[in-house]
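Report on the structure given below.
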Amino acid sequence: MPATPAELFAYLDRLGIPHTTVTHPPLFTVEQSQALRGKIPGAHTKNLFLKDKKDALFLVTALEDSTIELKSLHRRLDAGGRFSFGSANLMLETLGITPGAVTPFGALNDTAGRVTIVLDKLLMEHTTINAHPLVNTMTTSISRDGLLAFLDATGHIPRIEPVAERTPD
């Protein structure tokens, strides 16, 4: 069974990583998130669950208003061919999450280490990062260093790469 938000929070607590969480109506898109989340400070994310032609899996996390050019992203990341979106079933199998709740916190469920986590360089310039805690009815705020420590503890050393095509407005 995939981890629950409560299990994620307990894991963060055991690691000594401070975090805060706000509950809100379900959010499925960046636009809904911007309209409904309220005034949560920090960088907000968008997440793409991708697979390349050789079935390698990637979770790309960037600023919510970034433009990511999928046609060329595989070259930026030295992937094995063009990217397509990973299926909902594959996402659930590897990260324990469903579409609308895609998040780097899903690394907690990827005990086999199948997914490469890629964090956009512009995102990592922010000191506070916000992401769904495995469900899309909450937003969790965590420090940049806390996110890196969490990913390291799950065995996912993230790649910090410039994935956005342009600097968000």
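Things to note:
- Evaluation of residue 97 against (1) part of a loop (DSSP other than H, G, I, E, B); (2) open to solvent by 60 Å² or more (accessible area, probe 1.4 Å) (one fails), failing number: (2)
- Residue, surrounded by the fewest Cβ atoms within 10 Å (Cβ to Cβ), within the stretch 132-157, restricted to residues that are part of a loop (DSSP other than H, G, I, E, B), on the phi < 0 side of the Ramachandran plot and aliphatic (A, V, I, L, M): 157
- The listed residue being part of a strand (DSSP E or B) and open to solvent by 10 Å² or more (accessible area, probe 1.4 Å), out of 129, 117, 160: 160
- Subset of the stretch 81-94 [assigned to a loop (DSSP other than H, G, I, E, B) and at negative phi]: 82, 83, 86, 87
- Within the stretch 100-114, tally of residues that are among the acidic types (Asp, Glu) and either in a helix (DSSP H, G or I) or over 25 Å from residue 20 (Cβ atoms) (or both): 0
- Among residues of the stretch 3-25 that are among the β-branched types (Val, Ile, Thr), those with a beta-carbon under 8 Å from a residue that is surrounded by 13 or more Cβ atoms within 10 Å (Cβ to Cβ) and part of a helix (DSSP H, G or I) at least six positions away or on a different chain give the pairs 17/146; 17/149; 17/150; 21/5; 21/9.
- Taken over the stretch 104-114, the criterion of being touching a residue at least 60 places away in the same chain (Cβ under 8 Å) and of a type in the set (A, V, I, L, M) is satisfied by 108 alone.
The values are calculated or read from the model by the stated rules, or taken from the named source; none is laboratory data. Just so it is clear, the structure is predicted and the values come from calculations on it, not from any experiment. In this analysis, Cβ positions are derived from the backbone assuming ideal geometry, glycine residues included, and neighbour counts consider all displayed protein chains. In case anyone asks, the SASA skips ligands and DNA or RNA and just uses the protein heavy atoms, side chains included. Shrake-Rupley method; radii C 1.70, N 1.55, O 1.52, S 1.80 Å.
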